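A.B. asks: Would you mind keeping the following structure in view while I ask a few things?
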Amino acid sequence: DSEYEQETIGSVLSCYQSILEELILTVSSATEDYLSPVDLTYQGLSIAQVEELNREGNLEDVYPLSPLQEGLYYHWLSSSDSSVYFEQMSYEVRGKLDIGLLEQSYELLISRHAVLRTFFTQDLGESLLQVVLKEVPSSFSYEQILDRSFSLTDYRVSDRNAGFDLHKGSQMRLSVLELGEDHYAFTWSHYHILMDGWCVGILIKEFFQFYDSLLAGRAAVLTQHYPYSDYIKWLNKVDKKASLAYWGEYLSGYTTKSSLPKERLGLGPRGSIRRNEFDLEESLRASLGELCGQLGITEYTLIQTVWGILLSRYTDNNDVVFGSVVSGRPGELQGVEEIVGLFINTVPVRIRTGDWMTVRDLLKEVQKNFISGSDHHYTQLADIQSAGSFNGELFDHILVYENYPVQQQIAKDLNNKQQSLELSLESSEVIGQTNYDFAIMIIPGDRLSFHLSYNEGVYGQAQIDRLQQHLIHLIEQVVLGPDMRLSDLEYLSGAERNQLLNEFNATEVGYAHDQTIVDLFEAQVALTPEAVALVFEEHELTYGELNRRSNQLGAYLRTTGGIRPDELVGVKLHRSELLVIALLGILKSGGAYVPIDPEYPQERISYMEKDSGIRVLLDEHELSRLEPLLSDYSEDNLVKVNGSSDLAYVIYTSGTTGTPKGVMIEHGGIANTINSQREIFEIKENERGLLFASLSFDASVSEIFTIITSGGILHIINEEKRKDPVLLTNYIKEQKIDIATIPPAYLKLMQIDEISTMKKLVTAGEEANEDAATAFTNYGIYYNGYGPTETSICATVFKKEKSASFGNKGVPIGTPIANTQIYVLDNSLRLVSIGVAGEICISGRGLARGYLNRPELTEEKFIINPYNPTERLYRTGDLGRWLQDGNLEFIGRRDEQVKIRGYRIELREIESVILKNSDVSAVAVLAKEDEAGDRILIAYIAGKKSLDISVLKSNLMKVLPGFMIPSNFFIMAQLPLSVNGKVNKKELASLKELRHNVEDYTPSRNEIDEQMVTLWKGLLGKDQVGIDDNFFEIGGNSIKVIRLSKLINNLLGVEINIALLFQYSTIKSLSDFLTSQTVDEYRENVDRDELLENLNKFN
């Protein structure tokens, strides 16, 4: 009484009594029943909303969607005309049918099950809801087919294309076609959001029970009915926080999506689904069942385990995740086995393997994990994904264990002896499609059947055939040897191993083993001494002149300079004819040359000179000094002192310790490469070749010696022409160059039709550009070469004849050159299958001796060949894979090494130099593609605010060559770390925009910014949201983006397609878009395939 006066309380009570009396009077006088919010399963609606829904007295119930239903709804919303998740079951029968009774049976079925009278909506607030009506328009149809040209297949395709509108009506329909006398075709169609495959069997059974009872004139005796809303109520009691915590722990540390190797570069059209079907042999199937019984595991556990092992081999990762469809029917829910509705859910299955584990150990572990996770199988996949630390789509394929064989159920019900009329089943077919490009369905029974469904735009038939054999081969080993160690399992067949080891590597050619580069050149001099060998600007040298001048230099170096075999001589010259004279002179003396680019920073030059231990350095000054002296030395060929095992040159490449490393190449290796390339490129006498590459890049060795050992004419261009694509193009045309090796990045700057006079184009040094390669094949032969410096320039070459097409597989790096073997291996040096990525490892005559002054690194990179112990094997660190035709495809780098403009770069070398700056605490350098598609270097730096980027960049230029200087520098408060404490470079690579200080917060600029900030904060549970924050990087997912779309629609009063929210995923970009053009203009340009791909990414 100290807070309220008696008069106030009395007034409130009087008002309450008046309203209550009025309400009682109204209700007591009502003659009809009225639904109120409390009468519904979902009680979050207002009275006005319920009255609107029940305006025609047709409302039965409203309740939320289950986790998978939410996911399926957003898929339909994003692509309502897609056949994804459209389910169709069809069969043909013979016998007499009463169409009227069939329709009555169907309507009784619709009346019995609420899910068949359900539509879906997001117009009743933020929550997605399903609305059950008492009656819906009939979705039964009958048609008598008289047209002889009628195609049942086309009819069913048309039915699938018709789809469903989830916002109204029933999401199931039945059509009955009378094809002839007593010949009928049934087509049942529904959207997967209604129910799972288990329910189809229930519906078919009840449908024929209704029909049979109507024929007999009695009531159908059915099991007790339980509504789907019982499950929704049960689901709302599940401890979601506990489930999210479980999934967060379950997926902790998982960082790389376990994708099947895709055969095609681009996705094919949606709907182009093919299937491989096979059964296990009876004896194997029996042994599998016995083993499962002995171990106390399910058959599905065994299949999941085997698939996990195969997937780990395919991905070369002992931690893999794939999707699995679980039944989702909780045992404690009464009548759950008879409820019609969508219970299944897709959850991740994580399998971690170790070579030391036995098959038995892994099987038990997978079974244990399944049991411990079964209480959490009711969580929406998008929420599972958000609970883990993985950024992006968790998996791209699923496994399904179908313990509800629908087709068998059809046959059983048709042959039921209780039926008053016998019907015979002629054929049946079940068609359904998920949004995954690959799925495995396992169907248990006397025969364990497998259905492999795949998008033929992504996976090829031959690839799936191999996968099928790999799977069977592994099942055999697992079943027959449960105590085998995982490391001893082999998924390749003997025939495939032979193909990989021998057929793809049949490269033996009988070149002379004792040849040197000098031998090859002098043999050509003897054949064409008066022919022009070399051209530089106005200077020409014949083969005889070039030989004589190099002989004189060689004689000087051997006699006066004291150069001996394996002694290194530096060459630091600008581009001219003197360059080739110097190389030949050094080689003829018996020594080996070390190319040093005069444009390198002095610090790098000094290091190379000191590390190589050169006593003699040939530069312009030294050659000028020697010129008057060389006339005293003989012009005759020198006595040969080198063998094939002596060094020919040492080229320095980027190293991991901050300093470059010297690669030692012997005469035998480079002679083998030159011999092979001369044959591959079909170099003829008088053909004009171009020296484009820098002498410090080993492509120059090929450009020089393939020409001057074949009788061709070597054209050396000056630096000005080399750096200017227009000047280079003009030179090629004017000098009628026949063959040139041009890096792909540089080639993109040239007009291909302007160099159409060339007969042959070679690209090398980095990934080829398909457009440029395709364009050139209109005019000449195209070659793409591959090979690290450690393999004497080149290990493989791809050749494409004039006018030939590349198809859609990109530009391969080809097949091994002569006397070279290529192996694609996993981390454990095991062979991987065709189409599977692995490390490209190289053996053969071209291997380098090793690294100068780096015995430990040599031992690490050049190992004993496990497939031919008498040979060495070089581990390139490059990722590649065999293609079906025996060509290799280059994929990228396994380690931190990349190629920029043809130069191989160790990113750690750049990082170590940057870290020398006292203001830098951490750094990560990545190679990314810019908007033009060119690879550039980007440095992400954690450092003091006082760090001056211009000073840092200036200091780098004093130490590193230009191609190793990052194009962009970003300063961050700290670099993101992975769970193991290392810099998370994957997360850095995913960043599209960076503020120079991650602590910067960009506030709202106007009212619309502020309104959307409020929406985002509420939806994402954030205390602070800046207008530059990316929705999907701060907690957004597929479900939340749909809700955001609805919220913004309500805010602005216009319909905004969710595709817009993927393109403009920050408040700033979205606000700017909305104030600059209309949403309708945008809607007309929506790319549905791109939208679906974006949605899948955040599923």
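A.B. asks: When the residues of the stretch 419-440 are narrowed to those that are acidic (Asp, Glu) and part of a strand (DSSP E or B), which ends up modelled with the highest pLDDT?
C.D. replies: Applying the filter and picking the extreme gives GLU429.
A.B. asks: For residues that are touching a helix residue (DSSP H, G or I) at 6+ places or on another chain (Cβ under 9 Å), among the aliphatic types (A, V, I, L, M) and more than 20 Å from ILE431 (Cβ to Cβ), scanning just the stretch 73-110, find the one that is surrounded by the fewest Cβ atoms within 10 Å (Cβ to Cβ).
C.D. replies: Taking the candidates together, the pick is LEU101.
A.B. asks: Within the stretch 510-536, how many residues turn out to be surrounded by 16 or more Cβ atoms within 10 Å (Cβ to Cβ) and in a helix (DSSP H, G or I)?
C.D. replies: 8
A.B. asks: For the stretch 863-874, give me each residue that is in a strand (DSSP E or B) and surrounded by fewer than 20 Cβ atoms within 10 Å (Cβ to Cβ).
C.D. replies: Scanning the stretch 863-874 gives ILE863, ILE864, ARG872.
A.B. asks: Confirm whether SER287 is among the polar types (S, T, N, Q), out of contact with any helix residue (DSSP H, G or I) (no Cβ under 7 Å at 6 or more places or on another chain) and either touching a residue at least 60 places away in the same chain (Cβ under 8 Å) or farther than 30 Å from GLY810 by Cα (or both).
C.D. replies: Spelling it out, it is not the case that SER287 is among the polar types (S, T, N, Q), out of contact with any helix residue (DSSP H, G or I) (no Cβ under 7 Å at 6 or more places or on another chain) and either touching a residue at least 60 places away in the same chain (Cβ under 8 Å) or farther than 30 Å from GLY810 by Cα (or both).
A.B. asks: Regarding the stretch 618-635, can at least one residue be identified that is touching a strand residue (DSSP E or B) at 6+ places or on another chain (Cβ under 8 Å) and part of a strand (DSSP E or B)?
C.D. replies: Yes, some residue in the stretch 618-635 is touching a strand residue (DSSP E or B) at 6+ places or on another chain (Cβ under 8 Å) and part of a strand (DSSP E or B).
A.B. asks: Against the condition surrounded by 18 or more Cβ atoms within 10 Å (Cβ to Cβ) and among the polar types (S, T, N, Q), how does GLN884 come out, does it pass?
C.D. replies: no
A.B. asks: Something else: Look at GLY689 and say whether it is buried (at least 24 other Cβ atoms within 10 Å of the Cβ), at pLDDT 95 or above, over 17 Å from LYS588 (Cβ atoms) and small (Gly, Ala, Ser).
C.D. replies: Answer is yes for this residue.
A.B. asks: Continuing with the same structure: How many of the residues making up the stretch 748-768 are buried (at least 18 other Cβ atoms within 10 Å of the Cβ) and either without any contact (Cβ under 8 Å) to a residue 60 or more places away in the chain or aromatic (Phe, Trp, Tyr) (or both)?
C.D. replies: So the count comes out to 6.
A.B. asks: Something else: State whether one or more residues within the stretch 158-178 are surrounded by fewer than 17 Cβ atoms within 10 Å (Cβ to Cβ), of a type in the set (Ser, Thr, Tyr) and without any contact (Cβ under 8 Å) to a residue 60 or more places away in the chain.
C.D. replies: Yes, the stretch 158-178 contains at least one residue that is surrounded by fewer than 17 Cβ atoms within 10 Å (Cβ to Cβ), of a type in the set (Ser, Thr, Tyr) and without any contact (Cβ under 8 Å) to a residue 60 or more places away in the chain.
A.B. asks: Show me the helices (runs of 4 or more DSSP H) entirely contained within the stretch 660-748 in which 2 or more residues are of a type in the set (Val, Ile, Thr) and under 40 Å from the mean Cα position of the chain (by Cα). Give the derivation first.
C.D. replies: Values: elements: 667-681, 699-708, 719-723, 725-734, 744-747.
Passing ranges, in order: 667-681, 699-708, 725-734.
A.B. asks: Does SER803 meet the test of being surrounded by fewer than 18 Cβ atoms within 10 Å (Cβ to Cβ), of a type in the set (Gly, Ala, Ser), over 30 Å from TYR511 (Cα atoms) and without any contact (Cβ under 8 Å) to a residue 40 or more places away in the chain?
C.D. replies: Yes, satisfied.
A.B. asks: ILE716: over 16 Å from ILE674 (Cα atoms) and in contact with a Leu (Cβ under 8 Å, 6 or more places away or on another chain), yes or no?
C.D. replies: yes
A.B. asks: Give me the pairs: first residue in the stretch 336-365 and at pLDDT 95 or above, second residue crowded, with 16+ Cβ neighbours inside 10 Å and among the acidic types (Asp, Glu), beta-carbon distance under 6 Å, and six or more apart or on different chains, which are they?
C.D. replies: Taking only residues 6 or more apart or on different chains, the pairs are ARG352/ASP319.
A.B. asks: Does GLU32 satisfy being over 30 Å from ASP123 (Cβ atoms), among the charged types (D, E, K, R) and at pLDDT below 85?
C.D. replies: no
A.B. asks: Here is a follow-up. Here are the criteria: (1) out of contact with any Asp or Glu (no Cβ under 9 Å at 6 or more places or on another chain); (2) under 17 Å from ILE440 (Cα atoms); (3) surrounded by fewer than 20 Cβ atoms within 10 Å (Cβ to Cβ). Tell me which single one ILE303 does not satisfy.
C.D. replies: The failed condition is (3).
A.B. asks: So, one more: Suppose we keep only residues that are closer than 18 Å to SER170 by Cβ and part of a loop (DSSP other than H, G, I, E, B) within the stretch 52-93. Which one would you say is nearest to the chain's Cα centre (by Cα)?
C.D. replies: TYR85
A.B. asks: Something else about it: Quick test for you: out of GLU508, GLU538, pick the one residue that is out of contact with any helix residue (DSSP H, G or I) (no Cβ under 9 Å at 6 or more places or on another chain) and farther than 30 Å from GLU719 by Cα.
C.D. replies: Exactly one of GLU508, GLU538 is out of contact with any helix residue (DSSP H, G or I) (no Cβ under 9 Å at 6 or more places or on another chain) and farther than 30 Å from GLU719 by Cα, namely GLU508.
A.B. asks: For the stretch 448-499, which positions are closer than 13 Å to LEU831 by Cα, touching a strand residue (DSSP E or B) at 6+ places or on another chain (Cβ under 9 Å) and buried (at least 20 other Cβ atoms within 10 Å of the Cβ)?
C.D. replies: LEU492 - this is the single residue of the stretch 448-499 that is closer than 13 Å to LEU831 by Cα, touching a strand residue (DSSP E or B) at 6+ places or on another chain (Cβ under 9 Å) and buried (at least 20 other Cβ atoms within 10 Å of the Cβ).
A.B. asks: Does ASN345 fit the bill of being surrounded by fewer than 22 Cβ atoms within 10 Å (Cβ to Cβ), under 27 Å from the mean Cα position of the chain (by Cα) and not small (Gly, Ala, Ser)?
C.D. replies: Judged against the criteria, ASN345 is not a match.
A.B. asks: Tell me which helices (runs of 4 or more DSSP H) are completely within the stretch 537-615 and hold 2 or more residues being among the basic types (Lys, Arg) and either closer than 20 Å to GLY962 by Cα or in contact (Cβ under 8 Å) with a residue 40 or more places away in the chain (or both), or say none if there are none.
C.D. replies: Result: 543-559.
A.B. asks: Report the residue count in the stretch 941-958 for those that are surrounded by fewer than 18 Cβ atoms within 10 Å (Cβ to Cβ) and in a helix (DSSP H, G or I).
C.D. replies: Going through the stretch 941-958 one residue at a time, the tally reaches 8.
A.B. asks: Something else: Is the stretch 252-264 home to any residue that is farther than 30 Å from ASP61 by Cα, under 34 Å from the mean Cα position of the chain (by Cα), modelled with pLDDT of 90 or more and acidic (Asp, Glu)?
C.D. replies: Looking through the stretch 252-264, none of the residues is farther than 30 Å from ASP61 by Cα, under 34 Å from the mean Cα position of the chain (by Cα), modelled with pLDDT of 90 or more and acidic (Asp, Glu).
The values are calculated or read from the model by the stated rules, or taken from the named source; none is laboratory data. Not measured: the values here are computed from a predicted model. When we count neighbours, we look across all protein chains shown, and the Cβ atoms used for this are built from the backbone with ideal geometry, even at glycine.
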